[in-house]
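The values are calculated or read from the model by the stated rules, or taken from the named source; none is laboratory data. Owing to the predicted nature of the structure, the values given are computational and were not obtained by experimental measurement. All Cβ positions, glycine included, derive from the backbone under ideal geometry; neighbour counts span all protein chains shown. Quick note on the areas: whole protein, heavy atoms, side chains included, nothing else; ligands and nucleic acids left out. Shrake-Rupley method; radii C 1.70, N 1.55, O 1.52, S 1.80 Å.
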Amino acid sequence: MLDRVRITGRSLVVAVLTAALTTAGLAAPTPAGAAVTRAQLALRWAPIHYQDVDATGSHALSGKSDYITKVDFDGDLNGRNNWDRTGQAGVSLAAHAYYSVVETSTHWYLTYLFFHPRDWTDHPFFETEHENDGEGVLLVVERDGSDYGVLRAAVTVAHSDFFSYTPSGSTWSSGRESVDGTLQLQSSPHDGFLHPVTAQEAKGHGLKAYPQYNIDGDGLVYFPSTVAETPANGNDRDVRYQLIDIFAAGGLWAQRANTSLFASAGTFAGDDSGDCGDGTYDCSTNSANAPWGWDDGNDLPGRGQLATDPAKVSVEYFTISGTFSRSYTDNPYQG
């Protein structure tokens, strides 16, 4: 990627990130002027992620129920045993997140999914819990001719509601939906880039831009990386997480018709076995969604379109300045 012997500033950061990706086998070095890969783009903009942790109650598993991990953390693609397997010895709760990249000639759309095996509660009245939990965020990056573009907006998923944000200095503003806040950026100690900052609540894991959710007491701070670390405990403030391409061979999108993992299109399979629901109001089944199942029923975009048709969501949520194309040059969700 670099064509000079003397490297300073931004070029050094790009070199470090490319070297890390190459070492992990995720990308090959790119010559000067060449486009970055999807893996590089996803890693560049992946959020620094604050996760609140609650260690109280048996369903918390001393805080482990709030760790982010892979869908197949237990070594299989069966969504109906994840609640029970979370607390068993020998399973890995190493930190992972899923991503997809959709492109137009003017923008990149990066979707990130943070998965938890449990959506849980320790309250006995009027609150339900369920097996599996999938919340996430869409980031919109303008293709301005630079290697990684410029971040313009974000839309997060908190249960059945979406929340929209713009970073300081963005040329985007409120549209049909009002912008809900400012998207903060923080520098990662692992690559030197400024990353957007997101946060999830404990138990139910709704996701918003930091600090609209924040750590209250114990919590984890996850940093995007090419390696997956398991938190040392429920109050570990430097945990690296690894990205997984949703469209990888045998990955989530390839498994979308696997009835052991998905109960229906975009909905993870989950039952009420084990102690799910014990001491609470209820344990609901088939209650978590993958990105192509995310929906805010009060808003105009349809179910799953946050991931599958993000240009449409952008037009509905924001007033957009500058050139904007809705024609996809690459959208694997649409075949």
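Evaluated at q = 0.12 Å⁻¹, the base-10 log of the normalised Debye intensity for the range 229-335, with identical point scatterers placed on the Cα atoms, takes the values -0.66. On full extension, the segment bounded by residue 92 and residue 254 gains 56.1 nm, given 0.36 nm per residue less the C-alpha separation. Across every direction, the projection of the convex hull enclosing the Cα atoms of the range 65-105 has a mean area of 4.0 nm².
On a full-extension model of 0.36 nm per residue, what is the gain between residue 188 and residue 171, subtracting their alpha-carbon distance, rounded to one decimal in nm? Numbers along the way, then the final one.
Numbers: separation 17, 0.36 × 17 = 6.12 nm, distance 2.45 nm.
Length gained between residue 188 and residue 171: 3.7 nm.
Over the chain, the fraction of Cα-Cα pairs per 10 Å bin, rounded to whole percents and listed from the shortest bin up, is 6, 27, 35, 23, 7, 1, 0. Taking amide hydrogens as placed 1.01 Å from N in the peptide plane, the amide H of residue 267 sits under 5 Å from those of 290, each at least 5 positions away in sequence or on another chain.
For residue 294, neighbours were defined as the other residues whose beta-carbon sits under 9 Å from its Cβ, and their charges (Lys and Arg +1, Asp and Glu -1) total -2.
Determine by what factor the alpha-carbon radius of gyration of the range 207-289 differs from 2.2 N^0.38 Å, reporting the quotient. Ratio of Rg to 2.2 N^0.38 Å for the range 207-289: 1.41. The Stokes-Einstein estimate for the range 101-170, based on a Kirkwood radius over Cα pairs and taken at 4 °C with 1.567 mPa s viscosity, is a diffusion coefficient of 91 µm²/s. Scaled against 2.2 N^0.38 Å for its residue count N, the alpha carbon radius of gyration of the range 37-135 is 1.25. Put simply, when 251-264, 132-145 are sorted by average Cβ atoms within 10 angstrom per residue, most first, you get 132-145, 251-264. Note on residue 319/residue 37: beta-carbon distance plugged into 1/(1 + (r/R0)^6) with R0 of 30 Å gives a FRET efficiency of 0.40.
Projected onto the charge dipole of the chain (+1 at Lys/Arg Cβ, -1 at Asp/Glu Cβ, origin at the Cα centre), which of 184, 297, 286 gives the Cα projection farthest towards the positive end? The residue sitting farthest along the positive end of the dipole is 184.
Remark: the range 114-125, residue by residue, has Karplus-estimated 3J(HN,Hα) of 10, 10, 10, x, 10, 10, 10, 8, 10, 9, x, 10 Hz, where x stands for each Gly or Pro and the curve is 6.51 cos²θ - 1.76 cosθ + 1.60 at θ = phi - 60°.
Given the peptides 148-157, 170-179, arrange them by the average over their residues of other C-beta atoms within 10 Å, most packed first. Let's see the in-between values first.
On the way: 148-157: 23.7, 170-179: 15.9.
Order by mean packing, descending: 148-157, 170-179.
With Rh defined as the Kirkwood radius, the inverse of the mean 1/r over Cα pairs, the Rg/Rh of the range 283-335 is 1.06.
Would you work out the charge dipole size for the range 163-286 about its Cα centre, treating the Cβ of every Lys and Arg as +1 and the Cβ of every Asp and Glu as -1, and quote it to the nearest 20 debye? Write out the running numbers ahead of the final one.
On the way: 6 positive and 15 negative charges, 108 e Å.
Computed charge dipole of the range 163-286: roughly 520 debye.
Using a Debye calculation, one point per C-alpha and no hydration shell, please list log10 I(q)/I(0) for the range 110-268 at q = 0.21 Å⁻¹ in order. Computed log10 I(q)/I(0) values: -1.59. Ligands, DNA and RNA left out, the 1.4 Å accessible surface of the chain is 46% carbon and sulfur atoms. Placing +1 on each Lys and Arg Cβ and -1 on each Asp and Glu Cβ, with no other charges, gives the chain a dipole about its Cα centre of roughly 1580 debye.
Mind checking the per residue accessible area of the chain for me, 1.4 Å probe, whole number of Å²? Could you put the intermediate results ahead of the total?
Working: 13210 Å² over 335 residues.
Averaged over the residues of the chain, the accessible area is 39 Å².
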